[in-house]
Amino acid sequence: SIPYLMKMTSKAKLVTTRRGVKMAQVFYHVPTERIRIVDDNEIIDLGGKTLHFIEAPMLHWPETMFTYLEEDHILFPCDFFGSHLAMGVYSDEIEDIVIHAQRYWGEIMMPFRTMAKKALEKLENLEIRMIAPSHGPIHRNPKPILDAYRRWAYGETKMKTTIIYVSMWGSSEKMVNQMAETLASEGIEVVVYNLTSADLGDIAKDLVDSRAIVLGAPTVLGGAHPLAIYASYLVRALYPPIRFVVLLSSYGWGAAAVKQMQEILDPLKVEVVGTLEVNGPPTEENIKQIVEIGKLLAGRIKGVS
Ligand SMILES: Cc1cc2nc3c(=O)[nH]c(=O)nc-3n(C[C@H](O)[C@H](O)[C@H](O)COP(=O)(O)O)c2cc1C
């Protein structure tokens, strides 16, 4: 819409942050003389309508800023508070809007949790009656989305584990299934994703409030199965607030998957509660070992206040 609006009226100026100037030039070739830079907390009085600009860098691009329309108490927060939806004008018309917003948070905002906290602090003293993000429906009752964003930005997790796995002949699958059963019987909410059919957005959504993850994958060509490498990398990049990890694997002649998955996840600095690599399909003894690791993980999850 920027090139369209700039063409429609030759007098229009693009109002942006300092970092937005280059973006406007690179992406839309907006000439410098048609750009007006505003700083954090700057105000533009349009005559009866006052625009208050609030810098919110990295949510989710460097130049992001929110605009607060003072007289109407409306916040225009760019992508923040958004969702990947192209239906419904108002969020209260959408069933499970918070789930859609959670998915969007997981995919787009979760890596920038630190910046999100800062932005939420800046909003604390504003009376916000409506939030109109650039993606998804308008929140005319902003409380549910504000409450959800506070939970997610501050990394509040549930007694929940997301299990992500891939298995060629069912050995790793047997292992994760036992883990799911054990955790569920210990009262932990469990969500299981098979990487051959899972939607990555769904995984991102469940990482938002999971306290632990379990990764299951065989050794393939001297490392973890490529889908598991991909998933481990994605978990690391999305920076979820998980606290605990368990890694399960099956191999044919030389175990290598757990080491590689662990190395990829290392920057997250989460506690590895247990790992198990079995040769071929899991034996009864291996199943008992998984039950033990599962109980240990459940205990660690419940121990977090
Ligand atoms: C294409 C391919 C490559 C494999 N590469 C290795 C390997 O490098 N090292 C190893 O120990 N096992 C290797 N295996 C054997 C599997 O790790 C083993 O069969 C394992 O039990 C499979 O577990 P799953 O049923 O969960 O897929 C390979 C198997 C396949 C099909």
Q | Subset of region 155-176 [polar (S, T, N, Q), under 22 Å from LEU265 (Cα atoms) and within 15 Å of the ligand (Cβ to nearest atom)] | A | SER167, SER172
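One line per residue, one yes/no per condition, for (1) over 28 Å from LEU195 (Cβ atoms); (2) crowded, with 23+ Cβ neighbours inside 10 Å; (3) out of contact with any Asp or Glu (no Cβ under 8 Å at 6 or more places or on another chain):
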{"position": "CYS78", "(1), (2), (3)": "yes, no, yes"}
{"position": "VAL89", "(1), (2), (3)": "yes, no, yes"}
{"position": "VAL98", "(1), (2), (3)": "no, no, yes"}
{"position": "LEU120", "(1), (2), (3)": "yes, no, yes"}
{"position": "ASN125", "(1), (2), (3)": "yes, no, yes"}
{"position": "PRO133", "(1), (2), (3)": "yes, no, no"}
{"position": "GLU156", "(1), (2), (3)": "no, no, no"}
{"position": "VAL166", "(1), (2), (3)": "no, yes, yes"}
Q. Taking the condition within 16 Å of the ligand (Cβ to nearest atom) and either outside the structural domain of MET110 (by TED's automatic domain parsing) or farther than 24 Å from GLN102 by Cβ (or both), does ALA237 pass?
A. no
Q. Under the condition of being more than 13 Å from the ligand (Cβ to nearest atom) and part of a helix (DSSP H, G or I), which residue from region 255-277 is surrounded by the most Cβ atoms within 10 Å (Cβ to Cβ)?
A. MET261
Q.
From the list GLY252, GLY216, exactly one residue is within 16 Å of the ligand (Cβ to nearest atom), more than 24 Å from the chain's Cα centre (by Cα) and either modelled with pLDDT under 95 or not basic (Lys, Arg) (or both). Which is it?
A. GLY252
Q.
Can you say whether THR182 is among the polar types (S, T, N, Q), within 21 Å of MET109 (Cα to Cα) and either more than 16 Å from the ligand (Cβ to nearest atom) or modelled with pLDDT under 95 (or both), as far as the supplied structure shows?
A. no
Q) Applying the selection to region 10-32, what residues are in a helix (DSSP H, G or I) and of a type in the set (D, E, K, R)? A) ARG18, ARG19, LYS22
Q) With GLU71, GLU42, GLU63, GLU55 as the choices, which residue is over 24 Å from the mean Cα position of the chain (by Cα), surrounded by 13 or more Cβ atoms within 10 Å (Cβ to Cβ), of a type in the set (Asp, Glu) and under 28 Å from LYS117 (Cα atoms)? A) GLU42
Q: List the number of the failed condition for TRP61; all other conditions in (1) without any contact (Cβ under 8 Å) to a residue 40 or more places away in the chain; (2) in a helix (DSSP H, G or I); (3) within 30 Å of ARG103 (Cα to Cα) hold.
A: (2)
**Q.** Members of region 62-89 that are of a type in the set (Ser, Thr, Tyr) and more than 29 Å from ASP45 (Cβ to Cβ)
**A.** SER83
(Q) Just the residues that are in a helix (DSSP H, G or I) and in contact (Cβ under 8 Å) with a residue 24 or more places away in the chain, please, taken from region 119-145. (A) ALA119, LEU120, LYS122, LEU123, PRO144, ILE145
Q: Could you tell me whether any residue of region 194-212 is in contact with a Ser or Thr (Cβ under 6 Å, 6 or more places away or on another chain), at pLDDT 95 or above and within 16 Å of the ligand (Cβ to nearest atom)?
A: no
(Q) Testing HIS225 on (1) touching a Pro at 6+ places or on another chain (Cβ under 6 Å); (2) more than 9 Å from the ligand (Cβ to nearest atom), one condition comes back false. Which one is that? (A) (2)
Q. Quick one: what pairs do we get from region 2-16, first residue under 23 Å from ASP39 (Cβ atoms) and modelled with pLDDT of 95 or more, second surrounded by 14 or more Cβ atoms within 10 Å (Cβ to Cβ) and β-branched (Val, Ile, Thr), C-beta under 6 Å, 6+ apart or different chains?
A. LEU14/VAL30; LEU14/ILE35; VAL15/VAL38
Q. Residues GLY299, GLY280, GLY223: which one is farther than 22 Å from ASN194 by Cβ, surrounded by fewer than 22 Cβ atoms within 10 Å (Cβ to Cβ) and either modelled with pLDDT under 95 or not aromatic (Phe, Trp, Tyr) (or both)?
A. GLY299
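The values are calculated or read from the model by the stated rules, or taken from the named source; none is laboratory data. Source: prediction; values computed, not measured. Neighbour counts are summed over all protein chains in view; Cβ atoms, including those assigned to glycine, are modelled from backbone coordinates with ideal geometry.
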